[in-house]
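What follows draws every value from the coordinates through simple rules; no lab data is involved. Note that this is a predicted model, so its numbers are computed, not measured. Cβ atoms come from the backbone with ideal geometry, glycine included; neighbour counts cover every protein chain shown.
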Amino acid sequence: MRVLGIETSCDETGVALYDSEQGLLGHELYSQVALHAQYGGVVPELASRDHVRKIIPLLTTLLAKTATRPQQIAGVAYTAGPGLIGALLVGASVGRSIAWTWGVPAIGVHHLEGHLLAPLLETPAPTFPFLALLVSGGHTQLVAVRGMGEYQLLGESVDDAAGEAFDKTAKLLGLGYPGGAALAHLAEQGHPNVFHFSRPMTNRPGLAFSFSGLKTHVLTAWKSQENPSEQTRADIARAFEDAVVDTLVIKCRRALKETRLQRLVVAGGVGANKQLRHQLQVLGQELNVKVFYPRIEFCTDNGAMIALAGCLRLQAGQQSPLNFNAHPRWLMTQIDATYSQLKS
Ligand code: ATP
Ligand code: MG
Ligand code: FE
């Protein structure tokens, strides 16, 4: 089964073709980062308009590059939520319309399910059940994934997501927006243990996270420097990254021990962080747990993960009705309820 995937939940327009037999056939991505950078954050209305401008050219390129005729496509998957409502509606209306025109089923995919299943695009792919650490720009969650749609939330951030903390801290240190990757890059030049920031919520039981206090600690450390050198900035970046990574690793260790799951999947933009990938690999070796990641480009938003998740849903006979909807807020436990089952 060959499925077209469309992602427009935030500031990336992504399209992809996934084939259940041959795997990923191709994908195209356009990032609006440059558009929003001048405002220091994503401007929702500008995001919607840019998706409108880019989506059809991206689809045309994808079909041309993969030499695909519409008749070869058996279904269309689009991100239905959570995300910015205007941005979501662009992908949802284009996806739903294409599916109707081509006479194939459409499926509205949950964006976080897309992130969670992104490692299934790789070889070897993780099998169910697994523990997932979802660390994106908007979410930090530990989820026990027992099967498609069987998601048990074990813990999440009570305030900022890890990616959000990276971006806000980067901004404080003058690294622009969104600066998560730039901050990680700067941290590579930093020396460890020059500064030390606490590992929030690790000294009490449970699997919740809190990252909003960290940026205040960074701000205090940064402001207290009289003539901070570039090395000092790098040392602070390093201490921040170490604190976030350590915290995530401590909670993963705890969750793995509690659930006794044998596989750990890391997904979302912060999953691109080298230090985190390394430390979780070390943890995996210690606990005899196999660790899976998507390739770096599929950690952040993309169409490939949506095509894959949609393909699995459609293969299970699920689809979204013609009177489609987008859900800016959508719990992962309520995904199945939005689908109708195909009569076989
Ligand atoms: P959500 O999926 O929760 O709606 P999102 O789609 O905006 O949020 P992603 O695209 O998965 O989030 O990830 C973007 C985040 O990843 C940003 O916050 C960015 O700073 C962070 N990020 C990207 N690369 C790195 C890196 N190397 N180190 C740390 N953080 C990173
Ligand atoms: Mg983004
Ligand atoms: Fe995302």
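Taking SER20, SER229, SER157 as the candidate residues, the one with maximal mean-square fluctuation in a Gaussian network model of the chain, Cα springs under 10 Å, is SER229.
Remark: spin-label model distance TYR39-GLN225 equals 3.1 nm, labels positioned 7 Å along the Cα→Cβ axis. Is the shape of the stretch 129-293 rounded, prolate or oblate, going by the alpha carbon gyration tensor and its root eigenvalues a ≥ b ≥ c, with a/c under 1.5 for rounded and a/b larger than b/c for prolate? Judged from the Cα gyration tensor, the stretch 129-293 comes out prolate (a/c at least 1.5, a/b above b/c). Helix content alone sets the calculated 222 nm mean residue ellipticity of the chain: runs of n ≥ 4 DSSP H residues at -39500 (n - 2.57) each, divided across all residues, give -13000 deg cm²/dmol. Full extension of the chain between LYS290 and GLN71 gives 74.9 nm of extra length, using 0.36 nm per residue less the Cα-Cα distance. Most fluctuating residue of VAL104, VAL15, VAL76 in a GNM of the chain with Cα springs under 10 Å: which is it? Of VAL104, VAL15, VAL76, the most mobile in the Gaussian network model is VAL104. With the simple model of a label 7 Å out from the Cα in the direction of the Cβ, VAL282 to ARG146 spans 3.4 nm. Considering only ALA47, ALA307, ALA221, the Gaussian network model of the chain with Cα springs below 10 Å gives its largest mean-square fluctuation to ALA221.
Take every DSSP beta bridge with both residues inside the stretch 129-293 and express the antiparallel ones as a percent of the total, to the nearest 5.
Working: 12 of 20 bridges.
Of all bridge pairs located within the stretch 129-293, approximately 60 percent are antiparallel.
Decide, for the chain, between rounded, prolate and oblate: order the square roots of the alpha carbon gyration tensor eigenvalues as a ≥ b ≥ c, take rounded if a/c falls under 1.5, and otherwise choose prolate if a/b is larger than b/c, else oblate. Taking the square roots of the gyration eigenvalues as a ≥ b ≥ c, the chain is prolate. Does anything in the stretch 279-313 have its amide N under 12 Å from the 7 Å Cα→Cβ label point of PHE128, and if so which residues? 312-313, by backbone N distance to the label point. Label sites at GLN315 and THR202, each approximated as a point 7 angstrom past Cα along Cα to Cβ, lie 3.9 nm apart. Prolate is the label for the stretch 252-303, because a/c, from the alpha-carbon gyration tensor with a ≥ b ≥ c as root eigenvalues, is 1.5 or above and a/b exceeds b/c.
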